[in-house]
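The values are calculated or read from the model by the stated rules, or taken from the named source; none is laboratory data. Note that the coordinates shown come from a computational prediction; the quantities given were computed from them, not determined experimentally. Cβ: placed from backbone, ideal geometry, glycine included. Neighbour counts: every protein chain shown. In case anyone asks, the SASA skips ligands and DNA or RNA and just uses the protein heavy atoms, side chains included. Shrake-Rupley method; radii C 1.70, N 1.55, O 1.52, S 1.80 Å.
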Amino acid sequence: QVQLVESGGGWVQAGGSLRLSCVASGFTSNMRYMGWFRQAPGKQRELVAGITSGGTTNYADSVKGRFTISRDNAGNTVYLQMNSLKPEDTADYYCNAIVSLNNYWGQGTQVTVSS
């Protein structure tokens, strides 16, 4: 089993920044991928950014140039630096991890961007 705990959400004015963190614990020895998804009210959950065990990253077009995903050397913590935030970035943000063939989710952290 793998547990994911997110932190760093909150309220910020448009143009501001937030940094989300996700710490993975448990059986993480074969962590293949970690990523961030978000879900706004009434919308489907969507990928924001992801990073593979080899360091390859991918981003949603809507956040390219504004958000940066990174991870620590141990590979068990992933960060999402969010700059130039917009009201449309308001959502619950969820950490996701793929370990071996299993998919895990955190409980989410709320991000609210006011105009």
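Just one of the listed residues (GLY65, GLY54) is among the small types (Gly, Ala, Ser), open to solvent by 60 Å² or more (accessible area, probe 1.4 Å) and modelled with pLDDT of 95 or more, namely GLY65.
Listed conditions (1) surrounded by fewer than 19 Cβ atoms within 10 Å (Cβ to Cβ); (2) assigned to a strand (DSSP E or B); (3) not aliphatic (A, V, I, L, M) are all met by CYS22, apart from (1). If you go through region 1-19 and keep only what is within 14 Å of VAL99 (Cβ to Cβ), of a type outside the set (A, V, I, L, M) and not in a loop (DSSP other than H, G, I, E, B), you end up with just GLN3.
Taking residues in region 17-32 that are without any contact (Cβ under 8 Å) to a residue 40 or more places away in the chain, and partners anywhere that are assigned to a loop (DSSP other than H, G, I, E, B), the pairs with Cβ atoms closer than 8 Å and at least 6 places apart or on different chains are GLY26/GLN1. Selection of first residues in region 37-60 that are closer than 19 Å to THR109 by Cα and part of a strand (DSSP E or B) and of second residues that are among the acidic types (Asp, Glu) and open to solvent by 60 Å² or more (accessible area, probe 1.4 Å), restricted to Cβ pairs under 8 Å at least 6 apart or on distinct chains, gives the following pairs, ordered by first then second residue: PHE37/GLU46; ARG38/GLU46; GLN39/GLU46. Based on what the data block shows, is ASN73 free of Cβ contacts under 8 Å to residues at least 12 places away in the same chain and either open to solvent by 20 Å² or more (accessible area, probe 1.4 Å) or hydroxyl-bearing (Ser, Thr, Tyr) (or both)? It is true that ASN73 is free of Cβ contacts under 8 Å to residues at least 12 places away in the same chain and either open to solvent by 20 Å² or more (accessible area, probe 1.4 Å) or hydroxyl-bearing (Ser, Thr, Tyr) (or both).
Here ARG38 qualifies as within 20 Å of ALA97 (Cβ to Cβ), of a type in the set (Lys, Arg) and open to solvent by less than 50 Å² (accessible area, probe 1.4 Å). Using the structure shown, decide if VAL99 is surrounded by 18 or more Cβ atoms within 10 Å (Cβ to Cβ), under 11 Å from the mean Cα position of the chain (by Cα) and in contact (Cβ under 8 Å) with a residue 24 or more places away in the chain. So VAL99 does not fit the description; no. Selection over region 76-96 of residues that are under 14 Å from the mean Cα position of the chain (by Cα) and open to solvent by less than 30 Å² (accessible area, probe 1.4 Å) gives a count of 9. Scanning region 74-115 for residues that are of a type in the set (Ser, Thr, Tyr) and more than 22 Å from THR57 (Cβ to Cβ) returns THR90, THR112, SER114, SER115.
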